[in-house]
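K.L.:
Please read through the structure below; I'll follow up with questions.
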């Protein structure tokens, strides 16, 4: 028989239910995810996916121009940063720094490997090898690990090796050069997901890295939505201009019409 509303037995039931809720909260458990928080997480994931999809469909040159207009800074890497095969990708920066240090510590580079194993899908491995133009920051083994975890690609301020194998598995890498050397015994891991300067450009963890045949550009996360919107507008104008130039046989007239060069 159910206790009557307001009776002593009824009040004891209410108290028991309340106390059980306090106990659950004290143990750090939850009866269910807060709807607002779940919605926020889902919306963030959707926004991130939409941003990456957008950057994968615009030209890196347009992104570079857009960022220079928005931030007043040049966010592109130099002509020395080249791909091991033609590619186009976009992803979120996972930064790694190696400091030059002669050592015989078998654990000196453990953090570098851990960063890869903890990286998520759509990461771009951005490695800075201190004074490492002639040191291979990565090769086939690391590339295979990144590829298996669905990284978008890698950008190495240093060298790369095992290029034939990386080409075979189709994992895109930009680097300063191709060299057969190793970082083992010559370098020590100095941090992951920390601010770095890669080929002269500041990169923070979760910045968006975009790359194509023209090179590599770093999109600061806070500027990404505005940069994408402006880059898309620039792309549309430029692609529309090709037919106009061919028809009028004049680039001057096309620039007058579209205001894009």
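The values are calculated or read from the model by the stated rules, or taken from the named source; none is laboratory data. All values derive from a computational prediction rather than experimental measurement. Here Cβ is always computed from backbone atoms with ideal geometry, including for glycine, and neighbour counts include all displayed protein chains.
K.L.:
Hey, which of the helices (runs of 4 or more DSSP H) in segment 159-261, taking only ones fully inside, have at least 1 residues that are in contact (Cβ under 8 Å) with a residue 60 or more places away in the chain and under 14 Å from residue 75 (Cα atoms)? Give the derivation first.
P.N.:
Values: elements: 163-169, 224-248, 251-258.
Here the list reads 224-248.
K.L.:
Let me ask something else about it. Evaluate segment 117-139: report whether one residue or more is in a helix (DSSP H, G or I) and under 21 Å from the mean Cα position of the chain (by Cα). Give the derivation first.
P.N.:
Within segment 117-139, the first condition is being in a helix (DSSP H, G or I), and the residues that meet it are 117.
Now narrow it down to the ones that are under 21 Å from the mean Cα position of the chain (by Cα): 117.
The answer is yes; a qualifying residue exists.
K.L.:
Looking only at helices (runs of 4 or more DSSP H) that fall completely inside segment 1-101, which ones have 1 or more residues that are modelled with pLDDT under 50? Write out each step before concluding.
P.N.:
Numbers: elements: 8-26, 35-55, 60-71.
The helices (runs of 4 or more DSSP H) meeting that bar are 8-26, 35-55.
K.L.:
Suppose we filter 109, 97 for residues that are farther than 16 Å from residue 209 by Cα, touching a strand residue (DSSP E or B) at 6+ places or on another chain (Cβ under 6 Å) and crowded, with 22+ Cβ neighbours inside 10 Å; which single one remains? Lay out the reasoning, then the answer.
P.N.:
On the way: 109 fails: crowded, with 22+ Cβ neighbours inside 10 Å.
Among 109, 97, only 97 is farther than 16 Å from residue 209 by Cα, touching a strand residue (DSSP E or B) at 6+ places or on another chain (Cβ under 6 Å) and crowded, with 22+ Cβ neighbours inside 10 Å.
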